[in-house]
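What follows is a set of notes on a single structure, which appears directly below.
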Amino acid sequence: MCYKNVFILYILKNRISRKSIAGNKVRFYIKNNRMRGDYMDVTYEEQAQVFKALCDEKRLRILEALRDGEECACNLGEQLDIVQSSLSYHMKILCESGIVDSRQEGKWTHYKISETGTSFAAELLERITTPNTVVINSNKCCE
């Protein structure tokens with residue numbers, strides 16, 4: 001079955017809103033294709049979500065706090081001196097990138113660093129910064 005068809009079935013099964021489709025697509029792709037190393041179907045927009053999560057000082061502070069293990073949103077807010085609305089915004093971006101996983105326990109949300117998401121981010125960074133070894137066009141334009 002094609003990746004896109006599997007993804008559409010996943011969306012319908014889990015009743016995901018259109019607003020959260022992009023983030024869920026990245027997380028779904030990470031969970032199901034990480035071991036294959038098949039990143040060709042991930043668009044630049046989806047790849048940018050990973051790096052967007054890492055390009056803010058507050059989000060880096062949040063990730064540093066999560067290195068010790070799972071934390072409740074209320075504890076993170078107090079520990080980092082971040083108001084709830086700001087923490088919620090940053091956690092949404094981190095979760096959509098796939099780098100952080102969340103789970104509900106009653107009215108509280110608990111967050112932890114995702115092993116698959118961080119592996120995907122590391123492999124993505126390595127892949128896009130490694131020079132191609134195959135020369136596509138041997139003609140030099142500046143000779």
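Please treat every number below as a calculation from the coordinates, not as lab data. For clarity, every value in this text was computed on a predicted model and none was experimentally measured. Don't worry about glycine lacking a Cβ; one is built from the backbone with ideal geometry, like all the others, and counts go over all protein chains shown.
Scanning segment 77-113 for residues that are of a type in the set (D, E) and not in a helix (DSSP H, G or I), we see that the one that is farthest from A65 (Cα to Cα) is E105. For segment 56-90, taking the residues that are closer than 21 Å to L124 by Cα and not acidic (D, E), the one that is surrounded by the fewest Cβ atoms within 10 Å (Cβ to Cβ) is identified as R67.
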